[in-house]
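Written below as structure tokens is the structure these notes are about.
The values are calculated or read from the model by the stated rules, or taken from the named source; none is laboratory data. Predicted model, so just to flag it, every value in this text is computed and none were measured. All Cβ positions, even for glycine, are placed from backbone atoms using ideal geometry, and neighbour counts span all protein chains on display.
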Amino acid sequence: MKILLLRFSSIGDIVLTTPVIRCLRQQLPDAALHYLTQESFAPLLAHNPYLNKVHTFNKEMGISKVIPALKQEKFDFVVDLHHNLRTLFLKSKLGVAYASFPKLNIEKYLLVRLGINRLPNKHIVDRYFEAVRPLGIQNDQQGLDFFFSAHFESLLPQLPPVFQNGFAALVTGALQGTKQIPEHRLQNIIAGLQLPVALIGGKAESAIGERLALQFPNKAFNFCGALSLEGSAALLQKSRVVITADTGMMHIASALKKPIASVWGNTIPEFGMYPYLPADVPQYRAEVKGLDCRPCSKIGHSHCPKKHFRCMEQQDFPALVEWVNQQSGEMNQ
């Protein structure tokens, strides 16, 4: 049997599909498993031992260019873990049996626009498994996967000596502005932490990282924009605890089974994308409940539509810091 999995983006969403990949391989050991994604996200799957082949397409050129090659594979079944118009078009062209996960766009719209919550109390990983139910696949409850290349440790620079006794990883950025922890709140977090801090982010966060490192010398160290995605994941792996907003790095940290303090701005855990961690791995969710403007989007905005950003500004960051310090202390015992 030859199976094609579809998930085109983004970092966190693709990491969240890894339990499905693993369970397909373990429960259908003779099946050939292929995966189609955007080429920019292929590195997330490149070292996954459960996949036979990863197909990619260029976002600007679209999926039409890859359809002839996919037809030649003669797939028996398509597992649609993206479920949008592009995957509908692709499935119609392949003309084979398929199943899609419930995306719940209507339920999300009702909650965002009308404040009516019809969302099930179900993580998106468990919703993904509904797409492989026709194949008899069940969730093994072993969490997410993230696989490194053989040389991943060489991607890290020499770490500061102060990190030898442990450090916290602080993810400074997010794809959407209303998911991002404001810079002055990052300052509050760093000031209260007992552990030294590795600042993680992309090139867009380089300037923020530089300012924070200057403000907290010998405590905050800027890795923003200096590491590849795999390098940033390697830094997460070496950390004791991770502090992050609702980001792809949050899901990588979950795959690495790290204690996580997640900070929620305009999005909410009820969307089903909170850290997917085993019960024995501690996690803390920071959010401002009861705001009539939250959630203002299922994804996010560049800036707060109401201009007050209460979902971040009213966070109880001292409580978050206390939890992180408590985790650090327990790990030392």
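Hey, could you check segment 267-311 for residues that are at positive phi and of a type in the set (Gly, Ala, Ser) and say which is surrounded by the fewest Cβ atoms within 10 Å (Cβ to Cβ)? Lay out the reasoning, then the answer.
Of the residues in segment 267-311, the ones at positive phi are 272, 290, 300, 307, 309.
Filter once more, so that each one left must be of a type in the set (Gly, Ala, Ser): 272, 290, 300.
On the way: Gly272: 19, Gly290: 7, Gly300: 19.
So, considering only residues that are at positive phi and of a type in the set (Gly, Ala, Ser), the one surrounded by the fewest Cβ atoms within 10 Å (Cβ to Cβ) is Gly290.
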Query raised in the report: With (1) out of contact with any strand residue (DSSP E or B) (no Cβ under 9 Å at 6 or more places or on another chain); (2) under 30 Å from Gly231 (Cα atoms); (3) of a type in the set (S, T, N, Q) as the list, and Thr56 as the residue in question, which single condition is left unmet?
Result: (1)
**Report entry** The listed residue being surrounded by 19 or more Cβ atoms within 10 Å (Cβ to Cβ) and hydrophobic (A, V, I, L, M, F, W, C), out of Leu5, Leu85
**Finding:** Leu5
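Have a look at Leu144, Leu186, Leu155 and point out the one that is of a type in the set (A, V, I, L, M) and either at pLDDT below 95 or touching a Gly at 6+ places or on another chain (Cβ under 9 Å) (or both).
Of the residues listed, the single one that is of a type in the set (A, V, I, L, M) and either at pLDDT below 95 or touching a Gly at 6+ places or on another chain (Cβ under 9 Å) (or both) is Leu155.
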Query - Residue list for segment 226-274, filter: within 19 Å of Phe167 (Cα to Cα) and among the small types (Gly, Ala, Ser) - result: Ala226, Gly231, Ser232, Ala233, Ala234, Ser239, Ala245, Ala253, Ser254, Ala255, Ala261, Ser262
Query raised in the report: So, in segment 138-196, of the ones that are among the hydroxyl-bearing types (Ser, Thr, Tyr) and assigned to a loop (DSSP other than H, G, I, E, B), which residue ends up surrounded by the most Cβ atoms within 10 Å (Cβ to Cβ)?
Result: Thr172
Query raised in the report: What residue, of Lys103, Lys91, Lys74, is charged (D, E, K, R) and on the phi > 0 side of the Ramachandran plot?
Result: Lys74
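Take the conditions in contact with a strand residue (DSSP E or B) (Cβ under 7 Å, 6 or more places away or on another chain), under 25 Å from Ile3 (Cβ atoms) and at pLDDT 95 or above and apply them to Ser100. Does it pass?
yes
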**Report entry** Residues of segment 238-252 satisfying the condition of being out of contact with any strand residue (DSSP E or B) (no Cβ under 6 Å at 6 or more places or on another chain) and under 15 Å from Gln194 (Cβ atoms)
**Finding:** Arg240
**Report entry** Residue in segment 101-109 that is of a type in the set (A, V, I, L, M, F, W, C), exposed (fewer than 15 other Cβ atoms within 10 Å of the Cβ) and farther than 26 Å from Ala213 by Cβ present
**Finding:** yes
Query raised in the report: Residues in segment 122-137: is at least one outside any loop (DSSP other than H, G, I, E, B) and small (Gly, Ala, Ser)?
Result: yes
Report task. Scan segment 204-218 for residues that are in a helix (DSSP H, G or I) and more than 14 Å from Thr172 (Cα to Cα) and report the count. Result -> 2
